[in-house]
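Participant: Have a look at this one.
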Amino acid sequence: MTDLERIDALLDMVDPARMPNESRGPELTVLGLAVAKAKGGYEPTNAGWVMIGNRGRAFQPRK
């Protein structure tokens, strides 16, 4: 999985307009970029949020 694929999978998790791809969750978990939620699915870890954001800046979702 390349960095672009990782970012794409993380964005699938956090953007409600995108369809999440559950098959990538375990791969991101092994890499430390996501963690399994108690009710199913995955969410990004701090490392995952940093990867999504601009380098050196925290991710800022648009509201």
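Participant: Between ALA38 and LEU11, with labels modelled 7 Å along Cα→Cβ, what's the label distance in nm to one decimal, could you check?
Facilitator: 3.1 nm
Participant: How much net charge surrounds ARG24 when only other residues with a Cβ under 9 Å from its Cβ are counted (Lys, Arg +1; Asp, Glu -1)? Display every interim value, and only then the final one.
Facilitator: On the way: positive: ARG6; negative: GLU5, ASP8, ASP12, GLU22, GLU27.
With Lys, Arg at +1 and Asp, Glu at -1, the neighbours total -4.
Participant: Here is a further query. Run the dipole for region 1-52 about the Cα centre, Lys and Arg Cβ at +1, Asp and Glu Cβ at -1, nothing else charged, and hand back the magnitude in debye, nearest 20.
Facilitator: My answer is approximately 200 debye.
Throughout, read-outs are computed from the coordinates displayed, never taken from laboratory work. What you are looking at is a predicted structure, and each value in this text was computed from that prediction instead of being measured. Every residue, glycine among them, receives a Cβ derived from its backbone with ideal geometry; neighbour counts consider all protein chains shown.
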